[in-house]
Each structure stands twice: as structure tokens, then as C-alpha cells.
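Just below is one structure, and these are the notes that go with it.
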Amino acid sequence: MKKFSIVAKKNEKSYRMEKYIQMRLSAEGWTYDKTYPNLVICVGGDGTLLYAVHKYMKQLSNVQFVGIHTGTLGFFTDYTEEEIDLCIQDILQKTPRIFCSYLLNIRINDQSYYALNEMRIENVKRTQVVDVYVDHEFFETCWGSGVCLSTQAGSTAYNRSLGGAVIDNGISLMQMAEITSIQHSKHRSLGNPYILKSDRLVEFKSNDFHDAVLCYDHKNIVLDEVKSITCTMSEKYVQFARYRSYSYLKRLKNLY
Ligand code: NAP
């Protein structure tokens, strides 16, 4: 493990930290390689780490990630900015434990997209009607602004704002939650977040996804001509390099 890259949030503080880490690791014989790194050091927040994961999506099996948070500690980040020297020392001296976080695979026609946190079908312009199928069996029709399907890692992100459950570390599953669902006498849907086994296949269908957007993590594509979106848990995963133990409960308490 001697090739590293740094992905930093676009602000002056993160940029300065990036230069410092680069200088310290290079002085110890590590090679700065933005194209084929073995270790990606993220400086910023959970959002920066998501960006880095997508940047190296095609080579995840060869890359480990470690994060330094420039605000409060996050879910994907193990060090604060005050601990930058400790982080560098750990990288240089310790062998990390690897924590794997599986991605959601989102398929549209023959194209695959991947998400660490979640996928959302969102329509802010008009009521979006979505038929939901689980393992090819019709489940329900959702009326509202859309639906969100999150992973365990994403349970503390958008899913939490929708009233979804926070899922403990290490449990592999999917969680579906509706986004501002319409519930009245002529139409009802489950309304509660639904936690699904990780080997389920979830399909979202509509005759009209016009104006709807598929958001997956921080990325998005328009769905205008799309009729069906299929989601499963992928075999792809993100490898987090854990140089020290930082409990999930502590991360959770930092959130609120
Ligand atoms: P972003 O600015 O990168 O992130 C939005 C906020 O979500 C930031 O505070 C970020 O933390 C936090 N976040 C990201 N992943 C998280 C996780 N797994 N657990 C807890 N917090 C997490 O926004 P973006 O680029 O639009 O979207 C990236 C992600 O942000 C999405 O996947 C979505 O889950 C989340 N998001 C949430 C909401 C919401 O809750 N209403 C709205 C938009 C986006 P940091 O400050 O540490 O980066």
C-alpha cells in the first residue's frame, strides 16, 4: 500500500490539508497517484467521501478509503481535522481493519448505476405515480413526490429525513420509504418505511416518469423516457480502512 490519492472538499482549508498530507506521505516514500491509488484519503465530510467513491467506482476492489472530517465526525470519516497528524501516523504505521459496505445496483435498460447511500425517484413538478414490485410480485402503487431506496450506510442520510429507521452497522438490507406520499380515501399505500432482505429485487415502474429524476447519492439522471428501474444489492463494495475503532454509537450521537 504505497500509492495514494487525496480527494478534498472544494474550500481553502481542505485544500491546505490536502497539500500537507501529500507532502508528509511523499516524504515517507509513498507515491501520489491520482489514477491508480491503493488508498484514497478524503478530506471534507461524508459528502466528499461519496464523491470519491464514485470517482473510483470502476476500481473499488483495489482501493481503500479513509476520511478526515473538517466539521463534526461523520459515518464515513474516522478522524477530525485536529487529528490529521494522528491519521497520517496511523496510515504510515498501522495495518487497518477493512470494513466493507455494499452498494445498491440500479439498473435502467442495460445500464447499471451504483449508490453507497440510496437511490431516489423524485418528481418536484407533479404527482408521481410509481408501481412497486418486489421479486416480480406487485406490491403497491405510490402516489406522491417519489420513493427512496436506501442501504444500511444510507439509513442515516436522506432516508432518516424521510422518517426511515437508522440501521445498525453491519446489517445488509434495503429500506424503501416514500417521499411525501399522498394518503386519502381513494388511495392508500403502506406509508411506513419497509425494510427488505438484501437478496430482494425491487422494481419501480411507471408509464410516465416525465419530469422525474433518478438521484443516486449526489448524482442524478432524468428519467423522461424510462419505464422501469430495477434495484438489487450489488456484489460491489466500498472498502473502508479502519486504523482505529470508532463506535457506530458515537457516530450516531454526533448526528444530532
Ligand atoms: P451533500 O451536501 O454532499 O450531503 C448532504 C448532507 O448529507 C451532508 O450534511 C452530508 O454530511 C450528509 N450525509 C451524506 N451521506 C451521509 C450518511 N451516509 N449518513 C449521514 N449523513 C450523510 O449533498 P448531495 O451531494 O446533494 O447528496 C449526497 C447525499 O446527501 C445523498 O446521498 C443524500 O443521502 C444526502 N442528502 C440528504 C438530504 C436530507 O437529509 N434531506 C438532502 C440532500 C442530500 P457531510 O456534511 O459530512 O458531508
Compute the Cα gyration tensor for the stretch 1-56, then decide on rounded, prolate or oblate, letting a ≥ b ≥ c be the square roots of its eigenvalues: rounded whenever a/c is under 1.5, prolate when a/b is larger than b/c in the other cases, and oblate in all that remain. oblate
Over the chain, average the accessible area per residue using a 1.4 Å probe and give it in Å², no decimals. 49 Å²
Helix 46-55: inclination vs the chain longest Cα principal axis, degrees, rounded to 10, gives 90 degrees
Consider a paramagnetic label point 7 Å from the Cα of LYS58 along Cα→Cβ; state which residues of the stretch 206-229 have an amide N under 18 Å from it. none
Could the peptides 75-84, 106-115, 149-158 be put in order, highest first, of the mean number of other beta-carbon atoms found within 10 Å of their residues? 149-158, 75-84, 106-115
Determine, for each peptide in 25-34, 189-198, the mean count of other beta carbons within 10 angstrom over its residues, then list the peptides with the highest first. 189-198, 25-34
Whenever you get a sec, compute what percent of the accessible area on the stretch 3-94 sits on carbon and sulfur atoms (1.4 Å probe). 50 percent
Report, in whole Å, the centroid distance computed from the Cα atoms of the stretch 59-89 and the stretch 1-50. 10 Å
Taking every Cα atom in the chain, find the radius of gyration and the maximum pairwise distance Dmax, and write them in Å. 19.6, 68
By its C-alpha gyration tensor, with a ≥ b ≥ c as the square roots of the eigenvalues, how is the stretch 3-94 shaped: rounded for a/c under 1.5, else prolate for a/b larger than b/c, else oblate? rounded
Of the listed pairs LYS3/LYS219; LYS3/LYS34; LYS10/LYS94; LYS10/LYS55; LYS13/LYS55; LYS34/LYS219, those with alpha carbons more than 18 Å apart are LYS3/LYS219; LYS10/LYS94; LYS13/LYS55; LYS34/LYS219
The chain: angle of helix 84-93 to the longest principal axis, Cα-based, in degrees nearest 10: 80 degrees
Within the stretch 103-235, what whole-number % of the accessible surface is contributed by carbon and sulfur, with the 1.4 Å probe and all protein chains included in the calculation? 46 percent
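The values are calculated or read from the model by the stated rules, or taken from the named source; none is laboratory data. Keep in mind that this is a model prediction, so the values were computed, not measured. Glycine also receives a Cβ, built like all others from the backbone with ideal geometry; neighbour counts cover every protein chain displayed. Please note that ligands, DNA and RNA were not included when accessible areas were found on the heavy atoms of the full protein model with its side chains. Shrake-Rupley method; radii C 1.70, N 1.55, O 1.52, S 1.80 Å.
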